[in-house]
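The structure appears below as structure tokens.
The values are calculated or read from the model by the stated rules, or taken from the named source; none is laboratory data. Predicted, not measured: the structure shown is a model, and the values here were computed from it. Note that we place each Cβ from the backbone using ideal geometry, even for glycine, and neighbour counts take in every protein chain shown.
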Amino acid sequence: MSAPPRFRRGAVAVRVPATSANLGPGYDTLGLALGLHDDLAVRVADAGLLVDVVGEGAEEVPRDERHLVVRAMRAAFAALGGQPPGLELVSENRVPHSRGLGSSAAAIVAGVLAARALVVPGTAAVDAALADDGWALRVATALEGHPDNVAACLLGGLTVAWTGPTGPVAVRLEPHAGLEPVVLVPTTTASTAEVLVHALTARPELALPATEDRLHQPYRAPAMPATAALVAALRAEGVAAVVSGAGPTVLALPVGGQTATVERLRPAGWTLLRPGVDARGGTATPRG
């Protein structure tokens, strides 16, 4: 039997970004990290479980072992060789829940990164995980079910992810410096790719034709008519716009002076955010 891991006593600060997946034709493949973050502080305790949440979802998320960050930490600790005696988690959530902005991926990545940062090197499982760039992606994908959002959350920027013979794989690409995503978030909830990559990394003026999709967005339109109508209205005005993930949020990629068009077409009650692109991805930093 392998030796159980040892745990750091100090807290770990974790930051994870929101993400938008699919980006039109890149279904379950493309992801973009956005400059909107959840921040967490996690530490190993002597016993028990304490979960404190403020911000997005604070009224709905459980405060016990069902909490998604806790579930992700448990899975990661199991892969690392053993569970700590207790856990304390404080989370400040800014990523909207059930809006197509990768809130579940953010929670999963936060848990995986926190667990890995809380273990001390010295056992075979821990040392292997710390040395393996793909470890966090594999653990997170196993929990999320597909790698598109978790890859972007882990790596930042623009990612292309897929599942190969040996598991999930992700490649990070540098977005064009002028890419300024605009996110339109409704109050409701909802539980050509190569050309698009070129548009997002080198030729943003090609974003409108590159984000045309016939694979999944038309089939989701009846379930979210306001989202479909907004996407259609923006695209009719020449603005590259897509359903963000599974929706109902809309992601627009305006160029030139098109941000004014996005603002003009924003439906009443919808929140408009200009988060920018997160280039760093998820981080976990020991404190003390």
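Let me confirm something: among GLY10, GLY82, which residue is loosely packed, with under 15 Cβ neighbours inside 10 Å, outside the structural domain of LEU200 (by TED's automatic domain parsing), farther than 16 Å from GLY102 by Cβ and not hydrophobic (A, V, I, L, M, F, W, C)? Among GLY10, GLY82, only GLY10 is loosely packed, with under 15 Cβ neighbours inside 10 Å, outside the structural domain of LEU200 (by TED's automatic domain parsing), farther than 16 Å from GLY102 by Cβ and not hydrophobic (A, V, I, L, M, F, W, C). The set of residues in region 234-288 being under 30 Å from ALA13 (Cβ atoms), in a loop (DSSP other than H, G, I, E, B) and under 16 Å from the mean Cα position of the chain (by Cα) consists of SER244, GLY245, ALA246, THR249, PRO275, GLY276, ASP278, ALA279, ARG280, GLY281, GLY282. Scanning region 131-170 for residues that are of a type in the set (Asp, Glu) and either outside the structural domain of SER104 (by TED's automatic domain parsing) or in a helix (DSSP H, G or I) (or both) gives GLU144, ASP148. GLY100 falls short on exactly one of the conditions (1) at pLDDT 95 or above; (2) surrounded by 21 or more Cβ atoms within 10 Å (Cβ to Cβ), and that condition is (1). Please verify whether region 74-92 includes one or more residues that are of a type outside the set (Lys, Arg), farther than 21 Å from ARG9 by Cα and touching a Gly at 6+ places or on another chain (Cβ under 6 Å). Among the residues of region 74-92, at least one is of a type outside the set (Lys, Arg), farther than 21 Å from ARG9 by Cα and touching a Gly at 6+ places or on another chain (Cβ under 6 Å), which makes the answer yes.
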